[in-house]
Amino acid sequence: MKIITKIKQMQRIAKTAHRQGKAIGFVPTMGYLHEGHLSLIHLAKKKNNLVVVSIFVNPAQFGPKEDYKEYPRNLERDKILAKRAGCDILFVPTVEEMYPEDYLTYVNVEKITEVLCGASRPGHFRGVTTVVIKLFNIVQPNVAIFGQKDAQQAIVITQMVKDLNLPVKIIVAPIVREKDGLAMSSRNTYLSTEERKDATVLYQSLQLAKRMILEGERKSEKIREGMRKFISEKKSAAIDYIAIVNPENLQKIAIIEGKVLITLAVKIGKTRLIDNLLVTPPP
């Protein structure tokens, strides 16, 4: 596994790979790798000749009061895990390399970035889309793989690729969960022992919503109210949002008639966690 820190060097490697007819699979991450990330790397390895993983904690997607400085980092551990998972090239640029002093350009996808996490975190998705398009231009992947846990992010990136005619295929891989259902996340490390137990309420509330739909409930507000009551039983939990939306355009759905994305963000103590579930009602 090669470790690359410079943009021009990464671009030279990508160009050489394309000349040799190799397909590049790309997994962008912010590091502190867990099984969820590793599943994306495994998938990239199956479908491509060359697997590139980036590790970059992107300051542009963090608000001024968010956890950029505290975000967990462990590059030495990440190197070991990435190599074991099948990574061929680990791209680890510095902030100065990605955003030099005279940097002025940002990319923004409208409307679908203004709801859900976008409403709670103004500017977040502008930072995400900007860094992702920069990484695409640097790594030049044929395929880029994202996780379903960040469902809104995946939808936004897919829209950006479509709108800007980027020659990248986006694959969204399933959520990887702990044994008790908690979606794997680097931020889970922030949780105390008690908060970690309470955090399972996110997935449990999604399962409650799924049962309600399978049993015939079609009114989104009733399902959301059931989820709210269930989550509120945990003293450490503070709901940011619960939404039932169209899984392609994030439009709110009042009456469920087809496949929906049930998504939520909940603070457990000081830690904001997100989760979601795709549900298709029976005929």
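Key figures for this structure:
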item: 1.4 Å probe accessible area per residue over the chain, in Å²; result: 51 Å²
item: Heavy-atom accessible surface of the range 144-283: percent carbon and sulfur, 1.4 Å; result: 50 percent
item: Where only C-alpha atoms are counted, convex hull volume of the range 137-183 per residue in Å³; result: 75 Å³
item: Identified option (computed volume of the Cα convex hull per residue in Å³; candidates (i) 138; (ii) 123; (iii) 110); result: (i)
item: The range 1-53 - Rg over Rh from alpha carbon coordinates, Kirkwood radius; result: 0.99
item: Bins of 10 Å from zero: percent of alpha-carbon pairs in the range 174-277; result: 15, 49, 29, 6
item: Whole-angstrom Cα spans of the range 10-94 along principal axes, big to small; result: 45, 25, 19
item: Charge dipole magnitude, Cβ of K and R +1, D and E -1 - the chain, Cα centre, debye nearest 20; result: 700 debye
item: Calculated P(r) tail over 16 Å for the range 89-211, as whole % of Cα pairs; result: 71 percent
item: Note, ³J(HN,Hα) from phi for the range 248-254, Karplus 6.51, -1.76, 1.60, rounded to Hz, x at Gly and Pro; result: 9, 10, 6, 5, 5, 10, 8
item: From phi via Karplus (6.51, -1.76, 1.60), per-residue ³J(HN,Hα) for the range 177-182 in Hz, x at Gly/Pro; result: 10, 5, 4, 8, x, 4
item: Cα centroid of the range 112-146 to Cα centroid of the range 52-92, whole Å; result: 15 Å
item: Rounded percent of accessible protein surface that carbon and sulfur make up, the range 1-96, 1.4 Å probe; result: 51 percent
item: ³J(HN,Hα) computed for each position of the range 272-280 - Karplus, 6.51 cos²θ - 1.76 cosθ + 1.60, integer Hz, glycine/proline x; result: 8, 10, 10, 7, 6, 8, 8, 10, 10
item: Principal-axis tilt of helix 75-85 within the chain, Cα atoms, nearest 10 degrees; result: 90 degrees
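The values are calculated or read from the model by the stated rules, or taken from the named source; none is laboratory data. Note that the structure is predicted; figures quoted are calculated from it, not measured. Backbone-built Cβ (ideal geometry, glycine too); neighbour counts: all protein chains shown. To get the accessible areas, we keep the full protein, side chains included, count just its heavy atoms, and leave off ligands, DNA and RNA. Shrake-Rupley method; radii C 1.70, N 1.55, O 1.52, S 1.80 Å.
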